[in-house]
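Written out below as C-alpha cells is the structure these notes cover.
What follows is calculated from the coordinates using simple rules that are stated; it is not laboratory data. As the structure is a prediction and not an experimental result, all values here were calculated from the model. Don't worry about glycine lacking a Cβ; one is built from the backbone with ideal geometry, like all the others, and counts go over all protein chains shown.
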Amino acid sequence: MKKTFLTMCCTAALLMGTSTSWAQEADMPPPPPPHHPEHVIDAPRPHIPPHELRRHKGPKFDKEFRKEMSERFADKLGLTDEQKEQAEKLREANRKKMEPLMKQADELRQQMDEIRAQNMDDFEKILTSEQKEKLDEMKAKREAKMKKKMEKRAEKWKKEAKRDEKR
C-alpha cells in the first residue's frame, strides 16, 4: 500500500512538472534568427580572393572579371540574348553615372589615409622611447598575425578553386 501510494505521488509530481515546463515553453519568445543565413555561408565564392578584388588591376582586369561574372549570372537566370544585351546597356549606363562618385571615394579614402598617418605620427611624438619600442613590437606582432591570417585565407581559396575546377 505504501509503495503504491509513494509511486502515485512521484508520478503526479513528474506529470505536474512536465506540464509546467510545457506551459513555460509556449510563453517563450521565438529564438533569434541565425547570425549568418545559410544562403550566405553556402554561397559560391569567386576564384579571386576579396582582397584582390578590391585592388584596382586596371581596365583589362575589370572588364574580364565583369564579363565573367555577368555571364555566370545570366546563365544561372537563363537570360535570353536580348535580355543579356539590355542588362549590359543598363550596367554600362550605371557605370558611367557612378564613375565620378568612385573618383570622389578614392580621393576621400586617400585623404583619410593621410589623416590616419598624421594622427599616428602625432601620437608617437607623445610617447617615451620605451613606449615607442613597445608600440613597434605591437605593430610587428599585429603585422605577423595579419600575414599569417592572409596566408591561411589564400590557402583556403586555393583549395576552394581546385574543388570548383573539379566540378
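Details
- Judged by the ratio a/c of the largest to the smallest principal axis of the C-alpha gyration tensor, the stretch 96-167 counts as oblate, that ratio being 1.5 or greater while a/b is no larger than b/c.
- When the pairs 67/97; 97/162; 67/158; 103/148 are compared against a 27 Å limit on Cα-Cα distance, 97/162; 103/148 fall above it.
- In this simple spin-label model, placing a label point 7 Å from the Cα along the Cα-to-Cβ direction at both residue 109 and residue 73 gives a separation of 2.0 nm.
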